[in-house]
Amino acid sequence: QVQLVESGGGLVQAGGSLRLSCAASGRTFSSYAMGWFRQAPGKEREFVAAINWSGGSTYYADFVKGRFTISRDNAKNTMYLQMNSLKPEDTAVYYCTTYPGIRPSRESQLDYWGQGTQVTVSS
């Protein structure tokens, strides 16, 4: 079992920045890869970024490359998403999630999810 709690969302103007955090408890934090997804009203959930167990490999959706940075601190059992140059279209609920293994895999294999944190970007 893994429990995930996101924080750091809020309201920001376009061009601004936010840093999301995802605190994990339960299974050994360094034993699994993690990711961020988001879901905007009326839209499907979409992949944002993922990171392997050590933080040495990261993966991004094309629409966030160069703007968002995913990272993790295994000593603090926490994953982060630094979001810069935010756009109104980044408005969504952001969820952190875990993969069953040390590397990101198929979305169908995701196993634990946080409750989500709202990010709203005003124009």
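The values are calculated or read from the model by the stated rules, or taken from the named source; none is laboratory data. Owing to the predicted nature of the structure, the values given are computational and were not obtained by experimental measurement. Glycine also receives a Cβ, built like all others from the backbone with ideal geometry; neighbour counts cover every protein chain displayed. To get the accessible areas, we keep the full protein, side chains included, count just its heavy atoms, and leave off ligands, DNA and RNA. Shrake-Rupley method; radii C 1.70, N 1.55, O 1.52, S 1.80 Å.
Looking across the stretch 20-47 at every residue that is under 17 Å from Gln109 (Cβ atoms) and open to solvent by less than 10 Å² (accessible area, probe 1.4 Å), the one that is nearest to the chain's Cα centre (by Cα) is identified as Trp36. Among the residues making up the stretch 1-38, those that are hydrophobic (A, V, I, L, M, F, W, C) and more than 17 Å from Thr78 (Cβ to Cβ) are Leu11, Val12, Ala14, Phe37. Of the set (1) surrounded by 14 or more Cβ atoms within 10 Å (Cβ to Cβ); (2) touching a Leu at 6+ places or on another chain (Cβ under 7 Å); (3) farther than 19 Å from Ser105 by Cα, all apply to Ser17 but (1).
Residues of the stretch 73-96 that are over 17 Å from Ala40 (Cβ atoms), open to solvent by less than 60 Å² (accessible area, probe 1.4 Å) and among the hydroxyl-bearing types (Ser, Thr, Tyr): Thr78, Tyr80. Tallying residues that are hydroxyl-bearing (Ser, Thr, Tyr) and open to solvent by 60 Å² or more (accessible area, probe 1.4 Å) within the stretch 59-72 yields 2.
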